[in-house]
Amino acid sequence: MSAYISDYDEDFFPDFTSADDDLRTVLTEFQNNGVQGEHTSAPNYGGFFGGDTFNGTSYGYTSTLVDGFAFLATGNLSYYFPPLNGSVGDGPVSHTLHGSITSITLGAGVSDTGVVDKPFLTFNFDTPLVGDIADGRTNVVHDVIWGLMNGSVSGASDSLNTVSNGGLLAALQANGLTLDGVSIADLVGASALSETEVALAA
């Protein structure tokens with residue numbers, strides 16, 4: 001498994017950052033441009049593309065309060081939303097994102113066709129991130145997307161007191177992408193670790 005930066009556009013980078021900065025610095029600044037807890041406390045826009053209300057080939061989200069915070073996760077994504085008139089019993093945890101993520105693009109604004117208007121950074125996963133619905137809200141797909149929906153690259157807690165596993169930062173690092181000490185420009189196109197090295201580090 002490995003993650004790599006497939007593309008970047010320095011024209012759209014968050015303020016006070018550039019492709020000469022390391023990944024943690026740029027992602028932290030992107031997070032600072034977001035709104036902590038926005039998904040549950042303020043107007044926002046988000047939705048699936050390439051599917052229907054509860055699933056699709058991508059999920060996009062953009063802040064309506066600040067300019068410069070949006071993302072698009074691509075893969076095979078679903079949202080478990082049980083019937084309003086029934087109990088889920090011992091089944092899956094309600095309001096859970098699951099499925100797979102093959103790429104994530106960060107930027108500003110998401111169009112009604114599911115494209116980030118001003119993309120500044122795109123991550124690809126050689127082996128998709130896979131989130132099993134049986135793992136509930138701790139699965140990596142939910143953790144990454146829920147964190148980003150709440151303005152955080154390091155994950156976010158939720159109303160059920162689910163503890164984040166580290167969000168996007170943890171997922172990138174677990175898949176071999178160096179967060180510190182190497183410029184984004186130097187990271188483009190290849191994972192910092194081979195698949196074998198990642199496996200040995202796991």
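The values are calculated or read from the model by the stated rules, or taken from the named source; none is laboratory data. Computed from a predicted structure; not experimentally measured. Remember, those area values only see protein heavy atoms, side chains included, never the ligands or the DNA or RNA. Shrake-Rupley method; radii C 1.70, N 1.55, O 1.52, S 1.80 Å.
Considering only protein heavy atoms and a probe of 1.4 Å, how much of the accessible area of region 1-199 is carbon and sulfur, as a whole percent? Carbon and sulfur atoms account for 49 percent of the accessible area of region 1-199.
For the chain, the ratio of Cα radius of gyration to the globular rule of thumb 2.2 N^0.38 Å stands at 0.99.
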